[in-house]
Amino acid sequence: MSVFEPARQTPGIFHRRLGDLTVTVLNDGYLDGSFDIVTNIGKDEAERLEAGAFRRTPPRLTVNAFTVSGPDGVTLIDAGGAGFLPSMGLLAANLSAAGIEPQAVNRILLTHMHPDHVGALMTDDGRARFPGATLVVHEKEAGFWL
């Protein structure tokens with residue numbers, strides 16, 4: 001018996017209306033976590049607890065970005081991990097599926113500058129993916145990474 005496997009999943013987007021704003025969750029993919037960085041509990045115990053809760057081990061963590069659309073334009077919060085891991089890089093396609101063109105993004109707010117949050121700021125050929133956007137990042141965060 002053969003099982004149908006789609007070439008790709010449905011777009012990873014979810015919209016929520018908040019007053020005059022629309023918040024959209026945009027899936028960028030996933031990364032597999034590790035119990036090696038967990039403190040105050042041993043790796044074996046952490047794996048046992050996860051398995052007991054029917055959770056995958058190692059834990060698979062979704063990577064998401066968000067847009068907030070309203071009267072002041074479109075703010076992108078984080079930019080996914082394109083190029084960081086093969087399991088990431090869906091942000092551009094999911095932005096398109098949500099009907100948001102890169103030119104429409106006028107602000108990008110980075111919560112922090114880890115690779116899974118800044119990966120889609122540039123295209124594969126080195127151009128700014130959101131050419132009209134102002135980048136907003138805390139000065140201490142920028143000072144650490146730049």
*By count of other Cβ within 10 Å, fewest leading, how are T62, T10, T75, T39 ordered?*
T39, T10, T62, T75
*How big is the shadow of the Cα convex hull of the range 1-77, averaged over all directions, in nm²?*
9.2
*asked:* Please compute the length gained on full extension between L61 and F144, using 0.36 nm multiplied by the number of residues separating them and subtracting their Cα-Cα distance.
replied: 27.4 nm
_Cβ-based charge dipole, the chain, positive-most Cα from S34, A104, F144_ = A104
*Just report the Cα centroid separation between the range 59-107 and the range 114-142, whole Å.*
11
*Applying the Karplus parametrisation 6.51 cos²θ - 1.76 cosθ + 1.60 with θ = phi - 60° to the phi angles of the range 14-30, what ³J(HN,Hα) value in whole Hz is obtained for each residue in order, glycine and proline being reported as x?*
8, 10, 9, 8, 10, x, 8, 10, 10, 9, 10, 8, 10, 6, 10, x, 8
*Taking the Cβ-Cβ separation of A53 and S87 as r and a Förster radius of 25 Å, what is the calculated FRET efficiency to the nearest 0.05?*
0.65
*In nm, what is the difference between 0.36 nm times the number of residues separating A128 and S34 and their Cα-Cα distance?*
30.6 nm
*Would you work out the charge dipole size for the chain about its Cα centre, treating the Cβ of every Lys and Arg as +1 and the Cβ of every Asp and Glu as -1, and quote it to the nearest 20 debye?*
280
*Could you work out how far helix 43-52 tilts from the main Cα principal axis of the chain, as a 0 to 90 degree angle to the nearest 10?*
90
_the range 1-121 - percent relative contact order, Cα under 8 Å, separation 6 or more_ = 26
*Just the Cα atoms of the range 9-146: what Rg and Dmax do they give in Å?*
16.9, 50
*Built amide H within the under 5 Å cut-off of L109, gap 5+*: L76, I77, D78, V136
*the chain: calculated mean residue ellipticity at 222 nm from DSSP helix runs of at least 4, using -39500 (n - 2.57)*: -5000 deg cm²/dmol
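Coordinate-derived values only; no laboratory data. As the structure is a computational prediction, the values presented were derived from the model and not from experiment. Note: ideal-geometry Cβ built from the backbone for every residue, glycine included; neighbour counts use all protein chains shown.
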